[in-house]
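One structure is given below, encoded as structure tokens.
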């Protein structure tokens with residue numbers, strides 16, 4: 001029978017065994033998320049069930065996309081002050097406590113996304129069943145939004161897992177597969193088929209299965225003495241990745257746990273008070289903006305009518321150097337069949353070795369590593385061109401060589417294959433001029449290191465066909481990268497804004513500032529690495545080539561780069577550039593003039609900000625939002641500042657950085 005409640009987002013049914021089945025299907029949304037209306041309806045459902053108690057309650061999702069992707073962060077921005085936010089959190093606490101106190105047995109049946117508020121709701125149930133699927137993801141991503149789980153999730157995860165395991169999960173923002181979640185106790189039962197979820201939930205109710213409980217050792221990690229020791233170690237670990245003044249949330253969470261980690265109600269009170277303050281803070285507001293920008297880029301990568309039938313399965317990469325080889329390896333890692341071409345096998349072999357190292361690091365299973373290696377094939381003769389759905393050129397930066405290559409590739413490629421160049425500076429129109437069908441050529445500009453950088457610039461030449469550009473977005477999304485639409489122009493967006501930033505660092509070197517000081521100044525501003533280390537990582541030869549093209553009037557700053565190049569010092573890839581590199585890390589001295597770091601940081605970033613505004617004015621990208629997204633995900637520009645143009649607007653620096 002169906003319960004007589006008027007619901008928009010929830011569907012409640014009761015079966016012959018007196019089990020209540022409550023499905024969330026948020027109206028008008030592709031993903032389930034928790035907003036005020038959804039929570040109010042849930043409260044009404046629980047009140048009805050309390051009046052006529054079922055044998056058990058199963059909460060599940062009616063959407064294919066998953067259980068619940070979290071709280072609706074659009075509502076966060078409607079909060080006007082910390083007090084209003086605190087009251088909202090306390091209302092959620094009362095609702096989840098009501099679910100937890102429901103006298104009947106409760107089960108959360110999970111498939112797909114179970115993140116943030118969705119996991120907090122699941123933790124208020126007696127038992128959790130999850131589908132063992134590639135799409136199942138379980139975790140707390142809130143720290144990436146500048147807050148921490150505050151609908152009772154912090155307190156309940158600590159009670160369930162112990163303080164150390166719970167905080168490690170929250171601070172890492174990792175999303176776990178079903179089996180990994182079960183291994184730590186977040187999930188009680190894993191099933192291999194979607195149809196088995198209801199059966200497993202029904203059986204759990206019939207047998208009143210006992211869910212996971214923290215072990216005695218796990219509970220000890222929340223004891224007063226252990227908390228002091230573990231909290232100190234956690235702060236030290238967090239400090240390696242994030243400064244307290246840039247990203248306060250991890251430090252606030254650790255301090256809260258250190259003080260009241262063995263007091264469930266104390267943790268709930270702390271969630272409401274501390275998370276509401278963080279929610280109103282500038283860092284969280286800006287990080288939520290970055291999240292929205294990220295979702296905007298993801299949306300671009302979804303197929304439309306023209307590309308709905310085009311599914312990239314095979315990739316052919318020409319050029320097995322560091323960039324080409326790593327693009328090929330990444331595509332194979334993401335499940336595509338890849339052929340890698342170069343002039344001789346001796347040029348392909350190093351790329352295959354790097355690929356194997358990447359697979360071992362990412363997959364951690366001999367069977368999966370072997371499968372990935374089988375998907376990546378050396379192809380000196382170029383036999384894979386005719387079968388490929390995507391063909392990527394990643395040879396050296398020479399116009400004539402690229403023109404000749406694409407003239408040959410288009411003859412062999414399938415009619416619907418995507419033809420793309422990874423050029424970093426040469427205009428696409430010039431490369432395409434030797435083709436019979438120049439409209440087929442687009443740019444797919446990856447960044448080094450490919451496995452870490454999340455962005456791909458999808459470059460539109462004047463001649464590029466709109467459908468092929470859309471294919472570029474779809475392909476980028478398929479391999480787990482954010483596609484950024486940019487117009488063909490020297491340096492596109494990311495290299496163009498980085499060039500003046502790196503050249504300013506060379507100027508500071510010339511003035512006598514140490515390399516370590518310059519890098520430390522950039523990191524104090526919020527950059528993930530300093531510009532000197534960045535030049536070494538990109539490669540001095542690549543940096544010099546780009547700088548000569550983009551800043552021909554500032555060649556004096558390129559001289560130190562050229563001197564090192566002439567000495568065979570190309571940066572990280574050769575073991576020495578500005579720094580000596582050991583085991584993938586630069587050997588740095590301590591920064592010498594710590595007092596001036598904030599001033600130097602602003603000076604370093606100023607040319608980048610000026611160039612960002614110029615790029616927007618010249619139409620390199622279509623909007624300020626896309627530009628901010630590109631510079632954040634392409635350069636690592638301090639996410640907590642919300643993007644370079646947003647930073648300019650908020651800090652009112654526009655008059656000061658006028659060109």
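Using the average count of surrounding beta-carbon atoms within 10 Å as a protection proxy, the listed peptides 417-429, 223-235, 372-384 rank, highest first, as 417-429, 372-384, 223-235. The angle separating the long axis of helix 624-635 from the principal Cα axis of greatest extent in the chain is about 80 degrees. Calculated mean residue ellipticity, 222 nm, the chain: -15000 deg cm²/dmol, from DSSP H runs (n ≥ 4) at -39500 (n - 2.57) each, averaged per residue and rounded to 500. Could you tell me what percent of the DSSP beta bridges with both partners in segment 311-488 are antiparallel, to the nearest 5? Close to 10 percent. Round to a whole angstrom and tell me the spacing of the C-alpha centers of segment 284-330 and segment 1-66. Cα centres, segment 284-330 to segment 1-66: 36 Å. The distance separating the Cα centre of segment 219-257 from that of segment 494-526 comes to 32 Å. The relative contact order of segment 1-83, computed from alpha carbon pairs under 8 Å that lie at least 6 residues apart in sequence, is 32 percent.
Against the main long axis of the alpha-carbon atoms of the chain, helix 466-478 sits at an angle near 60°. For segment 10-280, the alpha-carbon radius of gyration amounts to 0.97 times the rule-of-thumb value 2.2 N^0.38 Å expected for a compact globular protein.
By the beta-carbon count within 10 Å of each Cβ, the least crowded to most crowded order of 19, 59, fewest first, is 19, 59.
With R₀ fixed at 41 Å, the C-beta to C-beta distance from residue 246 to residue 436 puts the FRET efficiency at about 0.20.
Using the Cβ-Cβ distance between residue 236 and residue 462 with R0 set to 35 Å, the FRET efficiency from 1/(1 + (r/R0)^6) comes to roughly 0.10. Going by neighbour counts of Cβ atoms within 10 Å, the residues 458, 190 line up, fewest first, as 190, 458. Pick the calculated Rg and Dmax of the Cα atoms in Å for this structure from [x] 25.3, 77; [y] 26.8, 82; [z] 33.0, 97? Correct label is [y]. The relative contact order of segment 10-280, computed from alpha carbon pairs under 8 Å that lie at least 6 residues apart in sequence, is 19 percent.
Each label point was placed 7 Å from the Cα along the Cα-to-Cβ direction; for residue 255 and residue 368 their separation is 3.8 nm.
The distance separating the Cα centre of segment 356-435 from that of segment 96-167 comes to 43 Å. Put a dot 7 Å past the Cα of residue 334, heading toward its Cβ, do the same for residue 193, and the two dots end up 3.2 nm apart. If the segment from residue 357 to residue 306 were pulled out straight at 0.36 nm per residue, it would be longer than the present Cα-Cα gap by 14.6 nm.
Extending 7 Å from the Cα toward the beta-carbon at both residue 585 and residue 79 defines two label points whose distance is 3.7 nm.
State whether segment 416-511 is rounded, prolate or oblate according to the following rule on the C-alpha gyration tensor (a ≥ b ≥ c being the square roots of its eigenvalues): a/c under 1.5 gives rounded; otherwise a/b larger than b/c gives prolate, and the remaining case gives oblate. Verdict is oblate for segment 416-511. Relative to the dominant Cα principal axis of the chain, helix 163-172 is inclined by about 40°. Using the Cβ-Cβ distance between residue 618 and residue 651 with R0 set to 30 Å, the FRET efficiency works out to roughly 0.85. Using a cutoff of 8 angstrom between alpha carbon atoms and counting only pairs six or more residues apart, the relative contact order for the chain works out to 9 percent.
Read the figures in this text as sums done on the coordinates, not as results from a lab. As the structure is a computational prediction, the values presented were derived from the model and not from experiment. Cβ atoms come from the backbone with ideal geometry, glycine included; neighbour counts cover every protein chain shown.
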